[in-house]
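In what follows, a structure is listed as structure tokens, so that the remarks can point back to it.
The values are calculated or read from the model by the stated rules, or taken from the named source; none is laboratory data. Note that the structure is predicted; figures quoted are calculated from it, not measured. Because the Cβ atoms are built from the backbone with ideal geometry, glycine has one as well, and the counts that use them run over all protein chains shown.
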Amino acid sequence: MLKGTGVSDGCGIGTAVVIEEKELDYSSVVYTTAEEEKARLNAAVNTFCERTERIGEELKKSAGEKEAEIMQGHIEMVHDPFMISQMQEQIDSGAVAEAAVETVCNQFIAMFEGLEDELTRQRVSDICDIRDDLLRILLGIHSVDLGSVPAGSILIAHDFTPSMTGKIRKENVQAIVAEVGGITSHSAILARAMGIPAVLSVPDAVKDIQNGDLLIVDGFTGKILSDPDEKTIREYQIRQRQWEQEKDSLKKFCHLPTRTSNGVAKAVYGNIGKPEDVQAVVLNGGEGIGLFRTEFLFMDRTAEPSEEEQFEAYATVVKAMNGKEVMIRTLDIGGDKNIPYLEMGKEDNPFLGHRAIRYCLDHQELFCRQIRAILRASAYGNVKIMLPLVTMAQEITKARQLIEACTKELREEGKTVREVPVGIMVETPAAAIISDELAHLADFFSIGTNDLTGYVMAADRGNQAVAELYDIMQPPVLRAIEMTIRNARKAGIPVGMCGEGAADPRLIPRLLEWGLDEFSVSASSILRTRKIISEHKAPEIHAIL
Ligand code: PEP
Ligand code: MG
């Protein structure tokens, strides 16, 4: 039996699919003759086309004609006579097939990236996919397409990056297992959002689990059972049914307003990463969006989304929430969220580095493109802007000046922009300590317990060795939270929580006692959070919602 940290509830029973991401390194490939290299290139192109054709056929059945057309587009691109002749020229001048593919694809990428037209720029990510697939074929590296694993799969990887998790199709995946990550890592957050059982921090999982192994993954306890007997499988099938029943019993909370046992009004909101996540929040009766992690719009692509593209994404969410609050957090990059095309540079301590609001204030054009898109979306509903990783008062005043300038500019262009409140995440000890001062500069607070716990306790959220320290119930973290809520109430601004602590049954009673107004949690935790709130009392102070 293997053991890790259960980070997403539920049990999965299925077959292991082990994902080994090998480096696409061809430095040891030796050039023989030009004919030989060209023959290797041709063979790779043929294999690529056969595979892509097959994936296209599957996609036609599972996702529809439109998605399948993308695959046909890849085949046409790889057959482009100009592209092929460029690769052959590279080979004639002494490059191995791998180098020819990489050089020519990169030249096309550079050319498309420079173009204004959005559609052409989108082809960049197609060419990146083609390049990597051709290199894998040439190097004989077998890679798993996460989007087309068979039903009943249990995915095993060293780590699931946000872009990998984005490709997972929930209906085919019973559970996920990774060697790294903890309860608040982004892979855990995404697994919970999708309702997939997950166990992280399982050392050597990729080595110890073989493709095709029959596994049971227990997302409650973190246990992984290999080759279980019939009796154990039946036991877990019963647990799966019980879990489904428990989820059913929570359904009655879907249409109820959030109230404590003594009738004080509170609100449970949902956290999202992509516009499509909003549906799960609506279906679970979320009373708003308390955190839109916009950095996910910037990931898994090779160029920044344009203002127009961002506007579409924000407006989709705002419209879907139909007048309910949507708190859009500005770009929170850096730390574990690297965006290669932004060339952020390597840092020795990325979690203490040039991330989030710090990066944005130093890259004002990028920041303002996002702000303009958010402000334009405000015309369709109830939008709030939330600044991540604030540590100093000046960051708020500087960001506000830019937001004001963007508002003025848009209005001069004749666009509708509503009054958009600007609040901050309190997720650094600095912000908590001066929360009395910041409360006069911000229109609201939202406490980010994932980062706050790590920074207060000086313990990494993904490191199993310090898991005991990285605990929201540690007294210094509780004091920081209490102080922040108290200072927000004193200044008369609303205070919510969008870190994972908002769904923690150990913490919720205290948050109620201290006067937290709004709890923003993953869609799959909305009903349980509302139920826990309904079982506890809160002081009858006027909620500032
Ligand atoms: C947090 O730090 O609590 C938070 C909500 O932000 P993220 O998890 O995206 O860093
Ligand atoms: Mg954070």
> Hey, among the residues in the range 486-503 that are within 15 Å of ligand 1 (Cβ to nearest atom) and touching a residue at least 40 places away in the same chain (Cβ under 8 Å), which one's farthest from Val521 (Cα to Cα)?
Replying inline: Val495
> Which members of the range 300-339 meet the condition of being crowded, with 23+ Cβ neighbours inside 10 Å, under 27 Å from Asn106 (Cβ atoms) and more than 16 Å from ligand 2 (Cβ to nearest atom)?
Replying inline: Gln310
>> Please go through the range 483-532 and give me each residue that is aromatic (Phe, Trp, Tyr) and buried (at least 24 other Cβ atoms within 10 Å of the Cβ), ordered by number.
In response: Phe519
>> Being over 21 Å from Ile328 (Cβ atoms), surrounded by fewer than 22 Cβ atoms within 10 Å (Cβ to Cβ) and touching a residue at least 40 places away in the same chain (Cβ under 8 Å) is the filter here; which residues of the range 533-545 pass it?
In response: Ser534, Glu535, His536, Lys537, Pro539, Glu540, Ile541, Ala543
>> Being touching a Gly at 6+ places or on another chain (Cβ under 8 Å), at pLDDT 95 or above and among the hydrophobic types (A, V, I, L, M, F, W, C) is the filter here; which residues of the range 293-326 pass it?
In response: Val318, Met321, Val326
>> Test of understanding: among Lys252, Lys231, Lys207, which residue is under 25 Å from Gly181 (Cα atoms), free of Cβ contacts under 8 Å to residues at least 24 places away in the same chain and basic (Lys, Arg)?
In response: Lys207
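Might you let me know whether the range 263-277 holds any residue that is more than 14 Å from Ser525 (Cα to Cα), within 15 Å of the chain's Cα centre (by Cα) and within 16 Å of ligand 1 (Cβ to nearest atom)?
yes
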>> For Val417, only one of the following conditions fails: (1) surrounded by 24 or more Cβ atoms within 10 Å (Cβ to Cβ); (2) touching a Ser or Thr at 6+ places or on another chain (Cβ under 7 Å); (3) among the β-branched types (Val, Ile, Thr). What is its number?
In response: (1)
> Restricting attention to the range 21-38, which residues are more than 30 Å from Leu155 (Cα to Cα) and either in contact with a strand residue (DSSP E or B) (Cβ under 8 Å, 6 or more places away or on another chain) or surrounded by 13 or more Cβ atoms within 10 Å (Cβ to Cβ) (or both)?
Replying inline: Val29, Tyr31, Ala34, Glu36, Glu37, Lys38
>> What's the number of the only condition in (1) among the charged types (D, E, K, R); (2) within 27 Å of Asn450 (Cα to Cα); (3) at pLDDT below 95 that Asp248 fails to meet?
In response: (2)
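Return yes or no: is Glu235 more than 24 Å from Arg528 (Cα to Cα), surrounded by fewer than 16 Cβ atoms within 10 Å (Cβ to Cβ) and more than 20 Å from the chain's Cα centre (by Cα)?
Numbers: more than 24 Å from Arg528 (Cα to Cα): yes; surrounded by fewer than 16 Cβ atoms within 10 Å (Cβ to Cβ): yes; more than 20 Å from the chain's Cα centre (by Cα): yes.
When the stated conditions are applied, Glu235 passes them.
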> Restricting attention to the range 3-17, which residues are assigned to a strand (DSSP E or B) and crowded, with 19+ Cβ neighbours inside 10 Å?
Replying inline: Thr5, Gly6, Val7, Ser8, Cys11, Gly12, Ile13, Gly14, Ala16, Val17
> Would a scan of the range 342-349 turn up a residue that is away from ligand 1 (no atom under 16 Å from the Cβ), small (Gly, Ala, Ser) and touching a Gly at 6+ places or on another chain (Cβ under 6 Å)?
Replying inline: no
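Residues checked against (1) β-branched (Val, Ile, Thr); (2) touching a Phe, Trp or Tyr at 6+ places or on another chain (Cβ under 9 Å):
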site	(1), (2)
Asn463	no, yes
Val477	yes, no
Ile485	yes, yes
Gly499	no, no
Ala502	no, yes
Pro509	no, no
Leu516	no, no
Ser522	no, no
Ile533	yes, yes
> Under 9 Å by Cβ, and 6 or more places apart or on different chains, what pairs join a residue from the range 325-347 that is under 30 Å from Tyr380 (Cα atoms) with one that is among the basic types (Lys, Arg) and more than 11 Å from ligand 2 (Cβ to nearest atom)?
Replying inline: Glu325/Lys384; Val326/Lys384; Met327/Lys384; Ile328/Lys384; Ile339/Arg301
> Which residues, counting only those in the range 459-469, are free of Cβ contacts under 8 Å to residues at least 40 places away in the same chain and within 15 Å of ligand 1 (Cβ to nearest atom)?
Replying inline: Ala459
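For every residue, the table says whether it meets (1) within 15 Å of ligand 1 (Cβ to nearest atom); (2) touching a His at 6+ places or on another chain (Cβ under 8 Å); (3) under 23 Å from Gln394 (Cβ atoms); (4) not in a helix (DSSP H, G or I).
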residue	(1), (2), (3), (4)
Ala303	no, no, no, yes
Ile328	yes, no, yes, yes
Asp332	yes, no, yes, yes
Cys368	no, no, yes, no
Arg372	no, no, yes, no
Ser378	no, no, no, no
> Of everything in the range 420-449 that's more than 26 Å from Glu365 (Cβ to Cβ) and surrounded by fewer than 21 Cβ atoms within 10 Å (Cβ to Cβ), which residue is farthest from ligand 1 (Cβ to nearest atom)?
Replying inline: His440
>> Considering only residues that are among the polar types (S, T, N, Q), touching a helix residue (DSSP H, G or I) at 6+ places or on another chain (Cβ under 7 Å) and more than 16 Å from ligand 2 (Cβ to nearest atom), which ones fall in the range 436-486?
In response: Gln474
> Within the range 504-538, can you find the residues that are part of a strand (DSSP E or B) and β-branched (Val, Ile, Thr)?
Replying inline: Val521
